[in-house]
2 protein chains.
Amino acid sequence: MTMEITIMRNILDRNQDKAREVRELLVSKNIMMINLISSPGAGKTTLLERTLETITGRFRAAVIEGDVTTDRDARRLQRFDIPITLINTEGGCHLDSHSISRALDSFNLDELDVIFVENVGNLVCPSHFDLGETFKIAVVSTTEGDDKPAKYPMIFREAKAAILNKIDLIPYTNFSPANFMSDLRSLNSLLPLFEISCTRGDGLEEWRKWLEEQIAGRVRT
Amino acid sequence: MTMEITIMRNILDRNQDKAREVRELLVSKNIMMINLISSPGAGKTTLLERTLETITGRFRAAVIEGDVTTDRDARRLQRFDIPITLINTEGGCHLDSHSISRALDSFNLDELDVIFVENVGNLVCPSHFDLGETFKIAVVSTTEGDDKPAKYPMIFREAKAAILNKIDLIPYTNFSPANFMSDLRSLNSLLPLFEISCTRGDGLEEWRKWLEEQIAGRVRT
């Protein structure tokens, strides 16, 4: 096992070195990069659709779509007239900073304010890999159960904000908002949380307002 | 990247060697081991509860609970008077055959017919790691969306059967059974599929019947 730990540390170190390069490049270009992390099916792509519908009027956005295989999520975003780059990991369980660095080469970075990265659907591995992003967002849905912060704490510790999606489905599940909040707050007492329904629209205004503040706050004038 | 591929191959080879040992041991003890794989929150633990409620009358069962952290799922199963061993991966994204081998040491294998392994909630990594199980079961829930077989094909190719859980929630989502089936069948045309609601009870009889046939079919008389 010691050999594997050493190897894993090397992989993480190499990822971290490249992430540092990516972050420096983005800072120099004054671009915010946001890494969206969730389980499969929590609603990252739909959240991106709801977000791009309003944000593209104010900011110049691009998307890096991470997927194990297929271009389905990338195709869902094609109606937005923005640059989209797809990374197929071919079975790999997370994006890394090397693939992000190559994806950035496909954009004209002088014409962007914000890049959204939709990571591979996975609540575990992506939280270990710094992509050079400005910050991470944890996305979790009510139908996954109220125990996700307790069972997968890493991403809820690291994210700059969390989204609880599919709140319209709470009446049909045994999801307890009280249990969810109690576990979440014991991990990260001040994490901004947006309770959202991407289908019904609840909470989207608050999310977009916060996000636009984040992006505007870093655009140099 | 070549170094990482070589390293990954070594890790997988070492896992495969131990998986072979585990499989030989289980065959010699005439025990079936079933590896349950799904996203976080798809309902593996609830499915196990519904399954153990009836199966423990006919077969001697044990459970290996895999979790990143916490013993929550293991505690949910404590009302069943069966051996349960918890493996905390401490951030790791899947179980491997080495941890399974150690977990088996905690059981009296002469007194078991079937061992259920609840893998870490993750639809990607666990499908790459043979644990020495008799077969894998893919568990997916309707609220994750109908595109999961297309987007995460590995597990749907490898599993001996698939469970579509939370069918009671279909009316409240945009899940299309036709799209789901079409993608699933293009990957694996004859995979047994159980359409289940663990809360309402739909489909549980068919699942248990099939499962009991599998277990009975291998118990020597």
Does segment B:161-184 hold any residues that are out of contact with any helix residue (DSSP H, G or I) (no Cβ under 8 Å at 6 or more places or on another chain), more than 14 Å from every other protein chain (Cβ to nearest Cβ) and over 22 Å from A:D67 (Cβ atoms), and which are they?
B:A178
Among the residues of segment A:66-82, how many are touching a strand residue (DSSP E or B) at 6+ places or on another chain (Cβ under 9 Å), more than 23 Å from A:V124 (Cβ to Cβ) and in a loop (DSSP other than H, G, I, E, B)?
5
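Let's see how each residue does on (1) more than 26 Å from A:V124 (Cα to Cα); (2) surrounded by fewer than 21 Cβ atoms within 10 Å (Cβ to Cβ); (3) hydroxyl-bearing (S, T, Y):
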{"residue": "A:K18", "(1), (2), (3)": "no, yes, no"}
{"residue": "A:E21", "(1), (2), (3)": "no, yes, no"}
{"residue": "A:E49", "(1), (2), (3)": "no, yes, no"}
{"residue": "A:A61", "(1), (2), (3)": "yes, no, no"}
{"residue": "A:I64", "(1), (2), (3)": "no, no, no"}
Please go through segment A:188-200 and give me each residue that is exposed (fewer than 14 other Cβ atoms within 10 Å of the Cβ) and farther than 23 Å from B:K166 by Cβ, ordered by number.
A:S189, A:L190
Check whether at least one residue in segment A:83-90 is within 14 Å of another protein chain (Cβ to nearest Cβ), assigned to a loop (DSSP other than H, G, I, E, B) and over 17 Å from the mean Cα position of the chain (by Cα), and report yes or no.
yes
Looking only at segment B:51-71, how many residues end up being away from every other protein chain (no Cβ under 14 Å), acidic (D, E) and under 20 Å from B:S101 (Cβ atoms)?
0
All but one of (1) away from chain A (no Cβ under 13 Å); (2) crowded, with 18+ Cβ neighbours inside 10 Å; (3) without any contact (Cβ under 8 Å) to a residue 40 or more places away in the chain hold for B:A74, so report the exception by its number.
(1)
Tell me, which residue of segment B:23-44 that is polar (S, T, N, Q) and surrounded by fewer than 22 Cβ atoms within 10 Å (Cβ to Cβ) is farthest from the other protein chains (Cβ to nearest Cβ)?
B:N30
Of the residues in segment B:1-16 that are without any contact (Cβ under 8 Å) to a residue 24 or more places away in the chain and polar (S, T, N, Q), the one that is surrounded by the fewest Cβ atoms within 10 Å (Cβ to Cβ) is B:T2
Within the set of pairs 6+ apart or on separate chains, which have a first residue in segment A:191-212 that is touching a residue at least 24 places away in the same chain (Cβ under 8 Å), a second that is acidic (D, E) and assigned to a loop (DSSP other than H, G, I, E, B), and C-beta atoms under 8 Å apart?
A:E195/A:D202; A:I196/A:D202
Report, by residue number, each residue of segment A:164-218 that is within 20 Å of the chain's Cα centre (by Cα) and aliphatic (A, V, I, L, M).
A:L164, A:I167, A:L184, A:L187, A:L190, A:L191, A:L193, A:I196, A:L204, A:L211, A:I215, A:A216
Within segment B:142-156, restricting attention to residues that are at the interface with another protein chain (Cβ under 7 Å from one of its Cβ atoms) and of a type in the set (D, E), which residue is surrounded by the fewest Cβ atoms within 10 Å (Cβ to Cβ)?
B:D147
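Does segment A:2-9 contain any residue that is among the β-branched types (V, I, T) and at pLDDT 95 or above?
no
The values are calculated or read from the model by the stated rules, or taken from the named source; none is laboratory data. None of these values were measured; they are calculated from a predicted model. Cβ: placed from backbone, ideal geometry, glycine included. Neighbour counts: every protein chain shown.
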